[in-house]
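In what follows, a single structure is set out as structure tokens and then discussed.
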Amino acid sequence: MTPTPTTLSRIDTVLHERFGLPGFRPGQREVIGAVLERGGALAVFPTGGGKSLCYQLPALLLEGVTVVVSPLIALMKDQIDFLRGRGIDAARLDSSLTGAEAREVERRLRTGELRLLYVAPERFNNERFLDQLGRARIGLFAVDEAHCISEWGHNFRPDYLKLAETARAVGAERVLALTATATPPVVEDICASFGIPRESAVVTGFHRPNLFLRTSPTAARERDAVLIRRLTKRPPGSGIVYVTLQKTAERVAQALSDAGVPARAYHAGMDDEARTAVQEWWKESDRGTVVATIAFGMGIDKADVRYVYHYNLPKGLESYSQEIGRAGRDGKPSMVELLGSLEDVATLENFTFGDTPTRDALRGLLAELLGGPREFDVSLYSLSSAHDIRPLVLRTALTYLELIGTLRQGTPFYAGYKIRPKTEIPELVARFPADRASFVEGVFAKSKKGREWYTLDPATVAASLGEPRDRIVRMVDYFQSEGLAEVQVSDARQRYTRLTEDADPDAMADELEARFARRETAEVARVGQIVELVTREGCQTGFLLAYFGEERDKPCGHCTWCETGRATEFPPLPERGPMGSRVDVAALRQLARQHPAELGHPRQQARFLCGLSSPGLTRAKLSRHALFGALEDRGFAEVMEWCEGEAR
């Protein structure tokens, strides 16, 4: 649908009447106009720049539903509450919904009642959902955190890679990509992937003159004392302390609390309820500090953050820009300070090196995937364990195989179900007419009965009853949604179809290995750019802005270099002895002989010595061995070189 002049003229009216806002923020009008007039746009706005309005407002002007793809459930919930409060029909589809809730959302999508539907990128792996979208009119397909679709961006997520093709497959009439961090190459990549005209990419700029960018590199042994001194002597204000490891978040939060600073930890290892409690406490506090891994702050609407500290070095300029962007969103002066030192470099680089699979692992994976029937299903957990490839890395490899036309992913399913009926089976059966009652009775008769729970494999039970598997699953879903039984699922399986019969496993292993090597090189380079930001001669804000393609003609006046007129220096690394003095080489060799599948390759040995777990090490319980992590303070590359030489 081509927007009419009348449609475009209603933008301001909708802004005032439906959203209660007096005017647009920089870039918003341009993005909305590009979406309505040219059928697509890319919005690169800083954190807090108002990206969400760029799809919320067009959703009220366009026919059909606006599909919003976001990895952030917290953001989905907050935005849906806001929209419903404005009388706008919005919903989400995610794993936290009950069967009945999901079916109600699907009904509103089918009838055209929904204006906005929020989904996670993983939802598009579901064939049933794709079929529902294909039958709906999609006026706008909006992708938040769009830098994740680019292999050259940070926070790369494999499920994002397929979104551009998905938007075309479901017939989306318009596309909007949104991100807070995109370098010029990533902007080009996003526009090319989604078919967005380059002139429809709106980059509002990253300069935040209200933020003082301070770099104070501090040796690890002194960091706690320095941070406590900062937090106890500063004027009151809300803050975030970013750390790399979960255990660091717990330890530092406790140290701050002991020093009288209201502080709590936040990281992915906490359960949802605990994380939500911390988030709500911090949102309501005007002086609380959260010590967090990078998971914290995305999608949270809190404008009065006065301080952001990086206890450890961030993993790249994109992450750094996004994290400091959570300070001072109200425009008032705020301090962002980096305390990390060169001691953090090894940890950051090791995460990247530890993800890269060996060629043998890739070759074994391909042999399994290409050597069986054309249509098959696999347990990603089992694949990960069998080939010693981390789960996220495995999903990336499988996505690469989809993109090069070797595999097509189908809808995932569960091979195992456990059911605990709320009533006795005869009473449950009696609720149904004769034919259905016989079917229900047969399902339970073919299931394995425990004291309270029935265990069944839907495929096996279906075969024994001569019924479709889907009928078994629908019955179980019905019991759960109606409160007739408690249901647990297990053994997640992923369906695939092999699209080619003549694939060369060796050539494909070379291709995958090269892709992972490029990512490894790019991620390590990002760490080096953070080191350069700290130590360079010249305005640090200018260097950061130039990375994102924004040039300034004069120093900023609000960074450490502008304040002191000289480059910052890192404290020297602590003295570390030769690796052979810290590792019993004979014991390592013997261990490798005993566990060739887990330690047969120098890269696997380097992972082990650097304290980087892998599915193979976990399976063999080697992460409990005394040598595990013996060289965790050393760089992965030098440890692997040592393993290739002296340790062999």
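The values are calculated or read from the model by the stated rules, or taken from the named source; none is laboratory data. Predicted model only: the values in this text are computed from it and were never measured. Here the Cβ is made from the backbone with ideal geometry for all residues, glycine too, and neighbour counts use every protein chain on show.
A few comments on the model shown:
Residue by residue, here is whether (1) more than 16 Å from ALA249 (Cβ to Cβ); (2) of a type in the set (Phe, Trp, Tyr); (3) assigned by TED's automatic domain parsing to the domain that holds TYR266; (4) not in a loop (DSSP other than H, G, I, E, B) holds:
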{"position": "ASP286", "(1), (2), (3), (4)": "yes, no, yes, no"}
{"position": "ILE294", "(1), (2), (3), (4)": "no, no, yes, no"}
{"position": "LYS315", "(1), (2), (3), (4)": "no, no, yes, no"}
{"position": "GLN322", "(1), (2), (3), (4)": "yes, no, yes, yes"}
{"position": "GLY328", "(1), (2), (3), (4)": "yes, no, yes, no"}
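Residues are listed down the side, and each one gets a yes or a no for (1) outside any loop (DSSP other than H, G, I, E, B); (2) among the aromatic types (Phe, Trp, Tyr); (3) in contact with a His (Cβ under 6 Å, 6 or more places away or on another chain):
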{"site": "LYS247", "(1), (2), (3)": "yes, no, no"}
{"site": "LEU256", "(1), (2), (3)": "yes, no, no"}
{"site": "VAL261", "(1), (2), (3)": "no, no, no"}
{"site": "ARG264", "(1), (2), (3)": "yes, no, no"}
{"site": "TRP282", "(1), (2), (3)": "yes, yes, no"}
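- Scope the stretch 399-429; condition surrounded by fewer than 12 Cβ atoms within 10 Å (Cβ to Cβ) and farther than 22 Å from ASP457 by Cα; matching residues: GLY405, GLU427
- Here ALA492 passes the criteria (1) crowded, with 18+ Cβ neighbours inside 10 Å; (2) in contact with a Pro (Cβ under 9 Å, 6 or more places away or on another chain) except the one numbered (1).
- Test: residue in the stretch 71-84 that is over 23 Å from the mean Cα position of the chain (by Cα), exposed (fewer than 15 other Cβ atoms within 10 Å of the Cβ) and in contact (Cβ under 8 Å) with a residue 40 or more places away in the chain: no
- Those residues of the stretch 357-394 which are more than 23 Å from PHE608 (Cβ to Cβ) and either surrounded by fewer than 15 Cβ atoms within 10 Å (Cβ to Cβ) or among the charged types (D, E, K, R) (or both), in sequence order: ALA367, GLU368, GLY371, GLY372, PRO373, ARG374, GLU375, ASP377, SER379
- Residue match in the stretch 217-232 (condition: under 24 Å from the mean Cα position of the chain (by Cα), closer than 30 Å to ALA546 by Cβ and not basic (Lys, Arg)): no
- Residues in the stretch 562-578 that are closer than 30 Å to GLU638 by Cβ and either loosely packed, with under 12 Cβ neighbours inside 10 Å or touching a residue at least 40 places away in the same chain (Cβ under 8 Å) (or both): THR568, GLU569, PHE570, PRO571, PRO572, LEU573, PRO574, GLU575, ARG576, GLY577, PRO578.
- SER447 being in contact (Cβ under 8 Å) with a residue 12 or more places away in the chain and within 15 Å of ILE419 (Cα to Cα): yes
- Only one of ALA503, ALA546, ALA567, ALA507 that is farther than 21 Å from VAL336 by Cα and modelled with pLDDT of 90 or more: ALA507
- Checking every residue in the stretch 477-486 against the condition of being over 30 Å from ARG363 (Cβ atoms) and in a strand (DSSP E or B) gives at least one match.
- Some residue of the stretch 202-224 being surrounded by fewer than 23 Cβ atoms within 10 Å (Cβ to Cβ), modelled with pLDDT of 95 or more and under 15 Å from ALA43 (Cβ atoms): yes
- Every listed requirement among (1) modelled with pLDDT of 90 or more; (2) farther than 19 Å from LEU75 by Cα is met by ASP144 save one, (2).
- Yes/no for ALA142 being touching a helix residue (DSSP H, G or I) at 6+ places or on another chain (Cβ under 6 Å) and buried (at least 19 other Cβ atoms within 10 Å of the Cβ): yes
- Test: ARG498 is under 30 Å from ARG408 (Cβ atoms), surrounded by 14 or more Cβ atoms within 10 Å (Cβ to Cβ) and in contact with a Leu (Cβ under 9 Å, 6 or more places away or on another chain): yes
- Any hit, the stretch 469-479, residues being farther than 27 Å from LEU369 by Cβ, modelled with pLDDT of 90 or more, out of contact with any strand residue (DSSP E or B) (no Cβ under 9 Å at 6 or more places or on another chain) and not hydrophobic (A, V, I, L, M, F, W, C): yes
- From VAL524, VAL531, VAL583, residue being under 18 Å from ARG634 (Cα atoms), of a type in the set (A, V, I, L, M) and at pLDDT 95 or above: VAL531
- If the condition is being assigned to a loop (DSSP other than H, G, I, E, B) and of a type in the set (A, V, I, L, M, F, W, C), then the stretch 232-245 contributes VAL243, LEU245.
Residues checked against (1) closer than 19 Å to THR352 by Cβ; (2) among the aliphatic types (A, V, I, L, M); (3) in contact with a Ser or Thr (Cβ under 6 Å, 6 or more places away or on another chain):
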position: LEU609; (1), (2), (3): yes, yes, no
position: PRO615; (1), (2), (3): yes, no, yes
position: THR618; (1), (2), (3): no, no, no
position: GLY629; (1), (2), (3): yes, no, no
position: GLU638; (1), (2), (3): yes, no, no
position: GLU641; (1), (2), (3): yes, no, no
